[in-house]
Amino acid sequence: MTIRLKTAATVIALLFAAGGAPAADKPTDQQIAHIAYTAGVIDIEAAKQAIATSKNPTIVEFAESMVRDHEAVNKQALDLVKKLNVTPEDNDTSKTLSKEAEAKRQELGKLTGAEFDKAYIDHEIAYHKQVNSAVETQLIPAAQNAELKSLLETGLKLFQGHQQHAERVAAELK
Amino acid sequence: MRSMVFFASLLGAAAIAVAAQAETIQVMVDRLVYTPAEVDAKVGDEIQWINKDGLVHTATVKGGWEVNLPAKKSGRLLLQEPGSFDYICRYHPNMKGRITVRP
Ligand SMILES: [Cu+2]
């Protein structure tokens, strides 16, 4: 839990990094597209790990929903960057997200059964909270292109639903 | 064989006659919202959900009917019985709608 909170703080700190003043270092649309896409890929990968590992139908169903929705949103993001002719740009936030995801994947890889299920769903709650907060307070306000902003807004609504879904699943496990 | 063709065309004519009287009511599905959320209809009407999202949705009555709404596609339902039907999206249960069907 401490690590997770630290993680969220790191990401937000990175978004604010350099210059000190938050407004001075807003991510560009190219960076926003990369962060949003990366965040989606991470959740898809985690879901695939859960589908392969878990024997709990509720967990598997949840994970399948994550794959379905995040793949759909990422497809829209790719279509949009193609249409706008922008190149998503790798950045420190994306790199940090990926690095943390890899560490989490290894951590979850050591677990099985109910232990895995609980660790996975708890992380899904924390992860969606973290990403939703960044999307809401950092990415949406910084987005310049109207279509990108609109996609982020729809994404946020969708991911808030995912967070609630994960919370329901977690409550069910108890 | 000929009589079967004749029968089929009779059925076709009947279907057209019904369709002419009944209404098709459109419900937009956009950014995870059904609009209008509440629809008044009558038996024989058809609901057409037009999914503008790039996401798969459904219109699902718990323990009842379900219409699949693939991304950027539409789905239809012929209303065959009167009643009030609360429906949700199976995948995004925050999405809620209601159809009231008069006899
Ligand atoms: Cu839906």
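Just so you know, all these numbers are worked out from the coordinates, no wet-lab data involved. Quantities reported herein were computed from a predicted structural model and do not represent experimental measurements. Ideal geometry is used to build each Cβ from the backbone, glycine not excepted, and the neighbour counts take in all protein chains shown.
Considering only residues that are of a type in the set (A, V, I, L, M, F, W, C), over 25 Å from A:H165 (Cα atoms) and either within 15 Å of the ligand (Cβ to nearest atom) or surrounded by 18 or more Cβ atoms within 10 Å (Cβ to Cβ) (or both), which ones fall in region B:51-98?
Here is the first cut: in region B:51-98, the residues of a type in the set (A, V, I, L, M, F, W, C) are B:55-56, B:59, B:61, B:65, B:67, B:69, B:71, B:77-79, B:85, B:88-89, B:95.
Okay, now just the ones that are also over 25 Å from A:H165 (Cα atoms), so B:77-79.
Once the filter is applied, which keeps residues that are of a type in the set (A, V, I, L, M, F, W, C), over 25 Å from A:H165 (Cα atoms) and either within 15 Å of the ligand (Cβ to nearest atom) or surrounded by 18 or more Cβ atoms within 10 Å (Cβ to Cβ) (or both), region B:51-98 yields B:L77, B:L79.
Among the residues of region A:134-171 satisfying the criterion of being of a type in the set (V, I, T) and surrounded by 20 or more Cβ atoms within 10 Å (Cβ to Cβ), which is nearest to the other protein chains (Cβ to nearest Cβ)?
Checking each candidate, the answer is A:V169.
Any residue in region A:44-55 that's in a loop (DSSP other than H, G, I, E, B): show its pairings with residues that are of a type in the set (A, V, I, L, M, F, W, C) at Cβ separation under 7 Å, as long as the two are six or more apart or on different chains.
Hits for this filter: A:S54/A:V60; A:S54/A:F116.
Being in contact with a helix residue (DSSP H, G or I) (Cβ under 9 Å, 6 or more places away or on another chain), over 18 Å from A:R68 (Cα atoms) and of a type in the set (A, V, I, L, M, F, W, C) is the filter here, so list the residues in region A:132-174 that pass it.
Hits for region A:132-174 are A:A134, A:V135, A:L139, A:I140, A:A142, A:A143, A:L148, A:A170, A:L173.
Output the residues belonging to region A:115-167 that are touching a residue at least 24 places away in the same chain (Cβ under 8 Å), part of a helix (DSSP H, G or I) and of a type in the set (G, A, S).
A:A126, A:S133, A:A134, A:A142, A:G155, A:A166
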